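Let me begin by presenting the structure, written as structure tokens, before commenting on it.
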Amino acid sequence: MSSQPWVHVVFGAPSWPTLPELLHRGFPGSGLRTMLDGRGAHDLDEFYSGVEESVPLVEGVGHNLDALLDLFRTFGWGPHAGGEHVFVWYQPEVMLRSATADFRNVVDVIVGGAKELLVGEETNPDFDPTDANDWVPTRLDIVFACEREEEAQRVAKIAKTLSHFWEEDFHELDVCVEVGPYGRARFRRQLS
């Protein structure tokens, strides 16, 4: 498992219209760059609608956590397998404030799905990371772009530990999270 952060929680994020250019500079490369504008995602329905628009990997995403996990797994399928991708959730604190329990569940799925792409199901007895048919390491950096530091710290605390849902897949539930001001985030991209 990479010890380099692959979950980034930043504060002082730029405005939505300027975010794509700054994101490209922070994550150079040819992988998928997807951005969810969370300013209108106050609840699960609004979140799922936003994800459907921002992550165009499949059509007709189901509005439930299993479908969300399947959607994030598609970053590691087909022509995208082995790539270095980025998913940005701009102003996730909107949903955190209005639907905290749902927010926790969604973050657990997104972060757990990204960890699964990076390490595979490491507790599966049939899992062999040297077998290309079993596993192709795929990096999906998750960026939570918050307005204020206090909100970023709350988001980071939620993102740092996965729920017990993932115990069968991972030896440890801790997640390597980077927290900092937008302009100073390191955004390291190497697989290791």
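One residue alone among PHE72, PHE87 is closer than 22 Å to THR161 by Cα, in contact (Cβ under 8 Å) with a residue 12 or more places away in the chain, out of contact with any Phe, Trp or Tyr (no Cβ under 6 Å at 6 or more places or on another chain) and not in a helix (DSSP H, G or I), and that residue is PHE87.
What about PHE187, is it modelled with pLDDT of 95 or more, touching a strand residue (DSSP E or B) at 6+ places or on another chain (Cβ under 8 Å), within 25 Å of GLY76 (Cα to Cα) and surrounded by 16 or more Cβ atoms within 10 Å (Cβ to Cβ)?
no
Looking across the stretch 1-41 at every residue that is assigned to a loop (DSSP other than H, G, I, E, B), closer than 19 Å to ALA152 by Cβ and free of Cβ contacts under 8 Å to residues at least 60 places away in the same chain, the one that is nearest to the chain's Cα centre (by Cα) is identified as ALA41.
Would you check if LEU71 is aliphatic (A, V, I, L, M), surrounded by 18 or more Cβ atoms within 10 Å (Cβ to Cβ) and more than 20 Å from ALA156 (Cα to Cα)?
Taking the combined requirement at face value, the residue satisfies it.
Checking the structure you have, find out if any residue of the stretch 43-55 is of a type in the set (A, V, I, L, M, F, W, C) and within 13 Å of the chain's Cα centre (by Cα). The answer is yes; a qualifying residue exists. The single condition from (1) modelled with pLDDT of 95 or more; (2) exposed (fewer than 15 other Cβ atoms within 10 Å of the Cβ) that VAL94 fails is (2).
Which members of the stretch 90-118 meet the condition of being in a helix (DSSP H, G or I) and touching a Gly at 6+ places or on another chain (Cβ under 7 Å)?
Scanning the stretch 90-118 gives VAL94, MET95, LEU117.
The values are calculated or read from the model by the stated rules, or taken from the named source; none is laboratory data. No experiment lies behind these values; they were computed from the predicted model shown. Reconstructed Cβ throughout: ideal geometry from the backbone, glycine too, with neighbour counts over all protein chains shown.
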